[in-house]
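What follows is one structure encoded as structure tokens, with my remarks underneath.
The values are calculated or read from the model by the stated rules, or taken from the named source; none is laboratory data. Only a predicted model underlies this, so the values are computations on that prediction, with no experimental measurement involved. Cβ coordinates were reconstructed from backbone atoms using ideal geometry, including for glycine residues, and neighbour counts include every protein chain displayed.
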Amino acid sequence: MPFRETAMRDDKKTRIIFGLGSVLAALALTTAIVAATGNNPLQAYGNIIQGAIGSPNVAANVLVSWVPLALATAGLLFTFTGGLWNIGIEGQITLGAIFCTWAMRSLQDTALSPGIIIAFAIAAGMLGGIFWALLAGALKTFGGVNEIFGGLGLNFVATALNLWLIFGPWKRPGVASMSGTLPFEPELWMPTVSAQSRLALIPLALAVLALVIAFILLRGSHFGLRLKAVGKNPKAAYLLGIPTWQHMLLSFALCGAFAGLAGAVQVSAVYHRLIPSISSGYGYTGLMVAMLVNFSPVFAGPVALFFAALSVGSIQLPIVLKLDSSLAGVIQGFLVLFVLIGNGLRLKLLGRKRGSI
Amino acid sequence: MTIELRNISKHFGALKANDSISLAIPPGCIQGILGENGAGKSTLMKIFSGFLRPDSGEIVFDGKPLTIHSPDDAIRLGIGMLHQDPLDFPPFRVIDDFILGSPGGLVPDRRKALADFNSLSARFGFSLSPEARVASLTVGERQQLEILRLLWLGAKVLILDEPTTGISQTQKEKLFATLKALADQGMTVFFVSHKLEDVEALCSRAAVLRQGVLVGSMEKPFDMAALVRMMFGKEVELAAKSSMAPGKKVLTVKTGSVGSIRLRIKDVNLQVRAGEVIGIAGMEGSGQDLFLRACGGLVEPAGGQFCLDESETPMNGKTYHEYMRQGVAYLPAARLEKGLVPGLSLAEHFTLSVKPKGVFIDKKAAAALSEERIAAFNIKGWPDSPVESLSGGNQQRALLSLLPEKAALILVEHPTRGLDIESTIYIWGKLKERCAAGTAILFMSSDLDEILRYSDKVLVFFAGRVTPLIASESLNVQKLGELIGGVGWDAFQGNSNA
Amino acid sequence: MTSDALLFGLSGVLSSSAPILFGVLGETISERAGVSNLAMNGMILLSAMGGFAASLATGSLALGFLAGAAIGATVALVVAIASISFKQSQVAVGYVLAMLCRDLAYFLGNPIMGMPGPRLNLSPIPVLSSIPVIGTLLFRHDIITYSSFLLIFLSWFYMERTKPGIMLKGLGENPRAAYVRGANVNRLRYLYTVAGGAIAGLAGPIYSLSVKAGWKGTISGLDGIGWIVLSITIFGGWRPFRAAIGAYFFSLLQWMGLVLQPLMPNVPSQVLQVAPFPLMILTLLLVNIGNAEWVERSLSHLPESVRRDIAKVLTALNATPPAALGMPFDKDE
């Protein structure tokens, strides 16, 4: 059919215009809401920027926060490709942290060198994440439970398990508290770039590696293409000879491995102990990042960095401006919402121009 | 009531679906609308029933022009349409489905509706239970329900879109009798079909559409050859029937049984040999789909032995992928739902269909493969065309092109459902090529002509029973239709051609 | 436990189920029309905060409830616009809104956190409330709890006995068939999504003005309730009475968590508080397992009589979602 010249085309320019429009709309609405609460929006934004890149120390904190977010997003790219909403990732991060803590606790009094202990603990964390992800996958593939609800259920179980460990078997000598388990000895802390900084290079490298792996596997491998087919139409994929549930479980396992790694990093490099909210919502935010970049491995890294900067930047808000730090989440939420709506609007306008064929 | 369609035109983009169609129908007439798929019949009827608005032209009742904005408007004006896929609500009770859409207040008058339903139902000799669930009815019964509903709403014109697909011979006879009775009472019936024999059996007049244009009309008695020429614009050459000498065994089923919680089919005996084409006939829901799937490991047989090749080891319990490794391939009827992956391109499908070499996709080899397959199967599309953008015929060609080259047995659901005659001939040509190379084909179809024309032997399913293999030369449409409807089974002492 | 304590406990189960019932029945209406509103979790938090704030500012409980309903309707309207008009995935839009509304609730509710505020009083029904046992159980509640009883019955009556209600089910089952029967499918879907959102939005103020009066930010204990509401909607098989059973069952579990705490000193209280959530979600396994292929496979090996019985149980438990749930409707396609 000959292509008719229309005012609007589905090209890069249109996409960029709609993307920018969505971002502007999100900012405008956030600004209006902040203003409506009687605060100065510019001051709030300035504070967030200051809190994110104001000093080398906070900038390093942004990177510290980027690592688990990037890991979670990289993992979610696999499950999204497989057509799965792995909301259970939050619990998978928690299980990674729990398994990591367990390994550290079991090995810390042995003669093994700290490096080896940390390596074992990280591996244990990944296993924990895989285990929890496979549970959600099994509920989905063998129990028919939608992965969103199965995952949420497992998140609650993970939270309960975590609390039980912190207040029960792993409680601090004396009295258990919300501040978590007893910190590990400093030689078991993952080395940071400097004594004052919380930024460790190994986790940073691992997160970059995770994104690269996601990019390579999803863009050019047979596995990536097959997973995509399973995600888009599992029945047809099965008839084409692709082992369907195996691919789904594999994508769960990959996501769980990255999520578990994120949890292990939080324990071994950031908090040096297990705390009640160890997963800190990185999994939930990772889902938002993956949706915002439309599941593209290329943009996942930068957008995760932006989200991390927002979150870290708003930590100071309650102290300085008496605003709740959830403003970061509000901006993130509006961004994703408007990008989704903008996308829908663009397709609707294109469809109308093209007419029904 | 005299109905006139005057200069109806409708285009979609550059495609003229209806090009100034005019037609006048006297009351009490059963008007056949004939044409191939894509000829514009459905568009015309959708305009008539309020689904679509024409670009120009008008619909006139007894000299009065009508404006129809929606199907709801249409039925209030007395025009009711029976769609090809019954537009009803499977989980509902029959009576709720019947009531929904009728005028009236917040709480429906069930008692009156029930009384009306029963008396209408009795008038046509239908036996529908008003409390049954719609999902438990056969396609034919769902049509009956829909006809009753439309009549109750005051339909004076009834449009039926391909109503004989998927119903049994007996149900078809019942439907035709009903329609004739309605016409005798002064109703006008539009019967849309691409089946000449149905139009011949039922209609008093026939109009033929081709490529959006009304190419001719005729009154009873029909000159069938002339109708065929009008429909296709040329003489159609159907491939001559060519049977191969059957080769070695590729599939043996001994006392096979399959079943779901609802239906169980027992004691099926079947032997398929290389190069054979076997057609499976039966009313929808008689279990033939379950059986076909069981032959490919897509459902687990409940009993008996399903063996491949000359092997004596049953494949029971093995998955479809294990069957695939033994050379079995399955083609589903729902192309976009089960066969192809919407969102992926043709090239990506071809890459998926071959065994992967290495971890990464060799883009060059994939491109070469696509070019070759697209040419070999005459697919109108490019390697990067998303499959959902292809026409139905091209999607079916694409599905065929994805089959492994050395298949021993191909299982096909409705090979040509919804395709035009040219695609049908092409698809069967390709399938027969496979047979010539030694592939066996086991297919199910609700099109009796297709079964008789292409298969060497036929297997008929009815209410959990299965015939032995019958040579297709010994059957005709009449006889096969009766078997599907459960008539003439006394001749078979069970299925015993093991 | 004394029988009085048991009675009061069970009476408390009924009243603490009220917000869940409003949430579940609102969602049931929306999903029956074909639109799933996954924003529930954030929506309940936002309407709890908003309802409390409105009531605090105006001193009127009625305005508080109205604000909650309005917030629920607004959020549902966004879901409707994005999914019906712009054909975006309902899961994606719902998830984003769930996150967004939660953060909005915390952000906007910051200034009123922990403030004392109005609270709905009990209105025992004269005469009836003095009937032994039943009086305490059923007739000593606030007006919202009575409304929740009524809502179960009304929503059942509407969907089973009235013509618009049957059409509502038709919208989610086969929108095309609803269209040929005269329904303006997308307009009605808008209507029911927004109406369902308004009903579910009442769940928020029911918490913040009655069941868990006040707004305490992240420690309000409401985060997660919305997801439970969604899973009870599935467990309830999109039918009001079965949904009510699910809601009461969940509240019963929560109450048992409290009752069992002194009996199980080794289990940290936090664990018992969280436990009903996974339990409720895992009931979905019972509802869905009948559809799993391996179950059918293993059933087919059993003897006929056993197979029938198991199949019957599974069919009874089984819940089939509306066939067109989540699918946009376009009459020209």
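Let's see how each residue does on (1) among the hydroxyl-bearing types (Ser, Thr, Tyr); (2) surrounded by fewer than 24 Cβ atoms within 10 Å (Cβ to Cβ); (3) within 13 Å of another protein chain (Cβ to nearest Cβ); (4) assigned to a helix (DSSP H, G or I):
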{"residue": "C:Ser15", "(1), (2), (3), (4)": "yes, yes, no, yes"}
{"residue": "C:Gly26", "(1), (2), (3), (4)": "no, no, no, yes"}
{"residue": "C:Val35", "(1), (2), (3), (4)": "no, no, no, no"}
{"residue": "C:Gly64", "(1), (2), (3), (4)": "no, no, no, yes"}
{"residue": "C:Ala76", "(1), (2), (3), (4)": "no, no, no, yes"}
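Which residue pairs have Cβ atoms closer than 7 Å, lie 6 or more positions apart in sequence or on different chains, and pair a first residue in segment A:325-337 that is facing chain C (nearest Cβ under 8 Å) with a second residue that is modelled with pLDDT under 95 and not in a helix (DSSP H, G or I)? Correct list of pairs: empty, since none qualify.
When segment A:107-136 is filtered for residues that are of a type outside the set (A, V, I, L, M) and at pLDDT below 95, the ones remaining, listed by number, are A:Gln108, A:Asp109, A:Thr110, A:Ser113, A:Pro114, A:Gly115. Residues that are surrounded by 20 or more Cβ atoms within 10 Å (Cβ to Cβ) and more than 20 Å from C:Ser16 (Cβ to Cβ) were ranked within segment C:272-287; the one that is farthest from the other protein chains (Cβ to nearest Cβ) is C:Val287.
Within segment B:331-362, the set of residues being more than 7 Å from every other protein chain (Cβ to nearest Cβ) and among the aliphatic types (A, V, I, L, M) comprises B:Leu331, B:Ala333, B:Ala334, B:Leu336, B:Leu346, B:Ala347, B:Val354. Of the residues making up segment B:79-109, those that are touching a residue at least 60 places away in the same chain (Cβ under 8 Å) and buried (at least 19 other Cβ atoms within 10 Å of the Cβ) are B:Ile79, B:Gly80, B:Met81, B:Leu82, B:His83, B:Pro86. Within segment B:58-110, track down each residue that is within 11 Å of chain C (Cβ to nearest Cβ), small (Gly, Ala, Ser) and over 29 Å from B:Ser127 (Cα atoms). Listed by number, the list holds a single entry, B:Ser70.
If you filter segment A:170-191 down to residues that are under 27 Å from the mean Cα position of the chain (by Cα) and aliphatic (A, V, I, L, M), you find that the one that is surrounded by the most Cβ atoms within 10 Å (Cβ to Cβ) is A:Met190. Among the residues of this structure, A:Leu287 counts as one that is closer than 22 Å to A:Leu204 by Cα, within 14 Å of chain C (Cβ to nearest Cβ), crowded, with 24+ Cβ neighbours inside 10 Å and of a type in the set (A, V, I, L, M, F, W, C).
Only one of the numbered conditions (1) within 22 Å of the chain's Cα centre (by Cα); (2) over 20 Å from C:Phe65 (Cβ atoms); (3) more than 14 Å from chain A (Cβ to nearest Cβ) is violated by C:Val127, and that is (1). Report whether or not A:Ala257 is touching a Pro at 6+ places or on another chain (Cβ under 8 Å), buried (at least 21 other Cβ atoms within 10 Å of the Cβ) and touching a residue at least 24 places away in the same chain (Cβ under 8 Å). It is false that A:Ala257 is touching a Pro at 6+ places or on another chain (Cβ under 8 Å), buried (at least 21 other Cβ atoms within 10 Å of the Cβ) and touching a residue at least 24 places away in the same chain (Cβ under 8 Å).
Entry remark, segment A:304-345: residues being under 12 Å from A:Ala44 (Cβ atoms) and aliphatic (A, V, I, L, M) number 9 in total. Condition first: more than 7 Å from chain C (Cβ to nearest Cβ), more than 14 Å from A:Arg273 (Cβ to Cβ) and assigned to a loop (DSSP other than H, G, I, E, B). Now tell me which residues in segment A:154-174 satisfy that. Of everything in segment A:154-174, those that are more than 7 Å from chain C (Cβ to nearest Cβ), more than 14 Å from A:Arg273 (Cβ to Cβ) and assigned to a loop (DSSP other than H, G, I, E, B) turn out to be A:Pro169, A:Gly174. With respect to the conditions (1) more than 25 Å from A:Val145 (Cβ to Cβ); (2) outside any helix (DSSP H, G or I); (3) modelled with pLDDT of 90 or more, C:Leu209 lacks only one, and its number is (2). Number of residues in segment B:269-280 that are closer than 13 Å to B:Cys307 by Cβ and within 26 Å of the chain's Cα centre (by Cα) equals 2. Each residue in segment B:1-15 was checked for being in a loop (DSSP other than H, G, I, E, B) and small (Gly, Ala, Ser), and 2 pass. Of all residues in segment B:170-177, at least one satisfies being more than 20 Å from the chain's Cα centre (by Cα), surrounded by fewer than 19 Cβ atoms within 10 Å (Cβ to Cβ) and in the same structural domain as B:Phe117 (by TED's automatic domain parsing). Under the condition of being outside any helix (DSSP H, G or I) and either more than 12 Å from chain C (Cβ to nearest Cβ) or surrounded by 18 or more Cβ atoms within 10 Å (Cβ to Cβ) (or both), the residues counted in segment A:305-324 number 2. The listed residues are B:Leu23, B:Leu44, B:Leu52, and the only one of them that is aliphatic (A, V, I, L, M), touching a residue at least 60 places away in the same chain (Cβ under 8 Å) and either crowded, with 23+ Cβ neighbours inside 10 Å or in a loop (DSSP other than H, G, I, E, B) (or both) turns out to be B:Leu44. Going residue by residue through segment B:412-427, is there one that turns out to be within 14 Å of another protein chain (Cβ to nearest Cβ), buried (at least 20 other Cβ atoms within 10 Å of the Cβ) and not β-branched (Val, Ile, Thr)? Yes, because at least one residue in segment B:412-427 is within 14 Å of another protein chain (Cβ to nearest Cβ), buried (at least 20 other Cβ atoms within 10 Å of the Cβ) and not β-branched (Val, Ile, Thr). Checked against (1) surrounded by fewer than 20 Cβ atoms within 10 Å (Cβ to Cβ); (2) aromatic (Phe, Trp, Tyr); (3) in contact (Cβ under 8 Å) with a residue 12 or more places away in the chain, C:Trp227 meets all criteria but (1).
Considering the conditions (1) over 27 Å from B:Lys249 (Cβ atoms); (2) outside the structural domain of B:Gly381 (by TED's automatic domain parsing); (3) without any contact (Cβ under 8 Å) to a residue 12 or more places away in the chain, B:Glu312 is excluded by exactly one of them, (1). The residue of segment A:143-152 that is farthest from C:Pro278 (Cα to Cα), among those that are outside any loop (DSSP other than H, G, I, E, B) and either free of Cβ contacts under 8 Å to residues at least 12 places away in the same chain or of a type in the set (Asp, Glu) (or both), is A:Gly143. With a requirement of 1 or more residues that are among the aromatic types (Phe, Trp, Tyr), the helices (runs of 4 or more DSSP H) lying completely within segment B:103-222 that satisfy it span B:110-123, B:139-152, B:169-184. Quick check on C:Gly50: is it more than 14 Å from chain A (Cβ to nearest Cβ), in contact (Cβ under 8 Å) with a residue 40 or more places away in the chain and among the small types (Gly, Ala, Ser)? No, not satisfied. In the set (1) assigned to a helix (DSSP H, G or I); (2) within 30 Å of A:Leu350 (Cα to Cα); (3) among the aliphatic types (A, V, I, L, M), the condition left unmet by C:Leu108 is number (2). The condition of being crowded, with 16+ Cβ neighbours inside 10 Å, in contact with a Pro (Cβ under 6 Å, 6 or more places away or on another chain), within 14 Å of chain B (Cβ to nearest Cβ) and part of a helix (DSSP H, G or I) holds for only one of C:Gly165, C:Gly172, that being C:Gly172. Highlighted here are the strands (runs of 3 or more DSSP E) found entirely within segment B:254-366 that include at least 3 residues which are under 19 Å from B:Leu400 (Cα atoms): B:277-282, B:328-331.
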